[in-house]
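None of the figures in this text is laboratory data; all of them are computed from the coordinates on show. Not measured: the values here are computed from a predicted model. With ideal geometry, Cβ positions are generated from the backbone for all residues, glycine too; neighbour counts draw on all protein chains shown.
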Amino acid sequence: MSKLPRFIDCGRKAIAGGVTLKTGANAAGWEGVATCGSVHVCPVCMPTVRRARAEELGTAGSAWESVDLEHGQARGLVLVTLTMRHYERQSLGLLTQRQREAWKLAFGQNALRTTKAIKKGLGVVGHVRSWETTHGANGWHAHYHVALFLEERPSPRRVRVLQRLIHRAWADALQRVGAYRPSEAHGVRVDAPGVGEAGQIAKYLMKGQDGKTWGAAQEMVRGDVKAGRKGHRMPLQIARGAVDGDADDVELWREYEEAATGLRALYWSQGLRKRLAELMELDNRTDAEVATDAEVKDKKPLAHFPVRTWYGHVVKVPGRRLQLVPAEKWATSGVRTLVESWGLLWGVDVTEPENLPKGADPTAAEVLVRLERADLQARAEVWRKEFARQDLEERLSRTIEPDAWADGFRAVAQAAEDRTNQRARSTAQERQETYRAALREAKATRPAAELQSAMQRFRDAA
């Protein structure tokens, strides 16, 4: 049901000469396949990327709230949630467009001088913004989570002042771009951490689908495992309904996929990462690199699938890729048993990667494995040559019949050539007849005086 080529190819398209199954301490992965790295639509890449971003954001919050020994005070961090009024008739694309425009007017590059002065007066150093949406009875509910990094820990009074100022700027911006003005009770929410919680926002905790407690970082980016509240559904819950055959969910998913494509799941304000780099080691990998590293990092290869085997016997058969995922429990013997049950030949259709260090002498068991593999490959080559010889003999023994298509083509070509020659002959004959008719007309209309003058010249000569 997806229309995104990168998402469709994720985990399926081979990008090298083959695909290698690798296993680690707790999970298995594929090396040599395309990875989309999408944080919005891919149920495989999404949790991997969001987990890495949540860990980085949690570390950043803890480092930022650490005590500044030089000035003797702790820096502050608050979480701001910005919502907007919405109705079922409004599309997600329209809501996200107005959401982006309102952000630019309120806090972005087009913000008013008064807003910038307020941010400076409150000691706002930078922010990290994440985008999220759910769907309920009143349609799509798109909202922002924004972590504000402050120069000092805010007091309860400053938190209330901050909420009023942010609501005024956000509501005015929404109204200017054509959206509905939100109420002060529902449009903006500001949560501040308690003393000593090191980047976790204690007043904004919620449960995930796995029942674990959520902190600020998880609320910012772990939209993959969150369940909607009050009848609202998360995008992957909609996708699950679409896979089960719900036509309405299929349309909702395609609408979400179109609107979410290109949106940044996590945005860092300019200069903030430079400040944080002095306190911690940042993760500068792209989303695709994070997803790829999770598949192959710290894992050893178990089996190698050449391209012909991968496309011919694994990808095109539903369920086979998933059957190979629990490889960390099976090891090589389990993988071999599984692929041989599919009718594949171990050592030819699927090979076992060799991980011997350079200069190491192989053991007796490894020598036997190599000999067995070489024997299987030699026998397979003999079979291929014999099949090729039999096919050649069969083709040479066939009676070559006249090609009706070639004869028909030659007939058509000859007919076209005849028509061309006929037109050329007709054109030459027409030109000759035209010339003769013009000559006769010229002779018939020649003036009488000219004729008399010619007769006089004839008499004089005589």
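Overview of values
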quantity: Radius of gyration and maximum dimension Dmax of segment 120-165, Cα, Å; calculated: 14.3, 41
quantity: Inter-label distance for ALA378 and GLN175, nm, one decimal - labels placed 7 Å from Cα along Cα-to-Cβ; calculated: 8.7 nm
quantity: Cβ-based exposure ranking for PHE7, PHE387, PHE149, in which fewest neighbours within 10 Å come first; calculated: PHE387, PHE7, PHE149
quantity: Rh by Kirkwood over Cα pairs, then Stokes-Einstein D for segment 83-172 at 1.306 mPa s and 10 °C, µm²/s; calculated: 111 µm²/s
quantity: Neighbour-count ranking [beta-carbon atoms within 10 angstrom, fewest first] of THR81, THR35; calculated: THR81, THR35
quantity: Theoretical FRET efficiency, 1/(1+(r/R0)^6), r = Cβ-Cβ of VAL161 and ALA63, R0 30 Å, to 0.05; calculated: 0.70
quantity: Inter-part distance where segment 90-144 and segment 300-342 are each reduced to a Cα centre, Å; calculated: 46 Å
quantity: Separation of alpha-carbon centers, segment 246-290 and segment 157-185, rounded to whole Å; calculated: 25 Å
quantity: Translational D in µm²/s for segment 1-50 (Stokes-Einstein at 10 °C, 1.306 mPa s, Kirkwood Rh from C-alpha pairs); calculated: 135 µm²/s
quantity: At 1.002 mPa s and 20 °C, Stokes diffusion of segment 286-349 via Kirkwood alpha-carbon radius, µm² per second; calculated: 165 µm²/s
quantity: For ARG160, ARG50, order by how many other beta-carbon atoms lie within 10 Å, fewest first; calculated: ARG160, ARG50
quantity: Distance histogram for segment 1-160 (every C-alpha pair counted, 10 angstrom bins, percent rounded to whole numbers); calculated: 8, 24, 28, 22, 14, 3, 0
